[in-house]
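What follows is a set of notes on a single structure, which appears directly below.
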Amino acid sequence: MALRVVARLLDAGLSLQAVRRAVEYLQTHRERPLTTLGLIAKGNRVFALTEDATKMIEATAQGQVVIAIDVEPIVKHLQADVTELSAVRKIDVRARGRAYQAVLTPDLEAGGYAIEVPELPGCITEADTLPEARRMAREAIEAWLDVAVPNGVRRRAHAR
């Protein structure tokens, strides 16, 4: 059995030195017969599967334990986080005794948010954090209203 394992490891491209180290380790440290071991060859490394599905032993490195991590749940969690981070948010902002709705669009490359107040055309600003976004939106609304009133927006409304 050992010779067949050696032949397969050599066929898999492992060096004779790596195979020798793996066989020596497995012969001196195995807790179960060689015929029951699951082996994985990767490059010049041989891994022996253990009873614990999250661990393997690297037989070519004096039995170092290799931890196997299932990355699929991590990927799903990160994808959910990115989806949440990239979602457009709407917040209500009070300025001059009135509520305005501000739309926050995350900037995933630079960080922070682009902020627009749809009710006030051209009222746009930016912020790095959500608390700052509320403050910046209020300041942008105030500035927009300051400019709009002298330019006749309020006067037209009264002229009717």
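The values are calculated or read from the model by the stated rules, or taken from the named source; none is laboratory data. None of these values were measured; they are calculated from a predicted model. Backbone-built Cβ (ideal geometry, glycine too); neighbour counts: all protein chains shown.
So here's what we get for this one:
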quantity: Test: residue in segment 57-76 that is at pLDDT 85 or above, part of a loop (DSSP other than H, G, I, E, B) and among the basic types (Lys, Arg); calculated: no
quantity: Filter pass, Glu109 being at pLDDT 75 or above, assigned by TED's automatic domain parsing to the domain that holds Leu145, assigned to a loop (DSSP other than H, G, I, E, B) and not β-branched (Val, Ile, Thr); calculated: yes
quantity: Verdict on Gln101 being loosely packed, with under 15 Cβ neighbours inside 10 Å, among the polar types (S, T, N, Q), touching a Lys or Arg at 6+ places or on another chain (Cβ under 9 Å) and at pLDDT 80 or above; calculated: yes
quantity: Inter-residue pairs, beta-carbon under 7 Å, first assigned by TED's automatic domain parsing to the domain that holds Arg138 and among the aromatic types (Phe, Trp, Tyr) and in segment 84-106, second part of a helix (DSSP H, G or I) and at pLDDT 95 or above, 6+ apart; calculated: Tyr100/Ile141
quantity: Every pair of residues 6+ apart whose Cβ atoms lie under 9 Å, when the first sits in segment 64-82 and is outside the structural domain of Ala22 (by TED's automatic domain parsing) while the second is modelled with pLDDT of 80 or more; calculated: Val82/Leu108
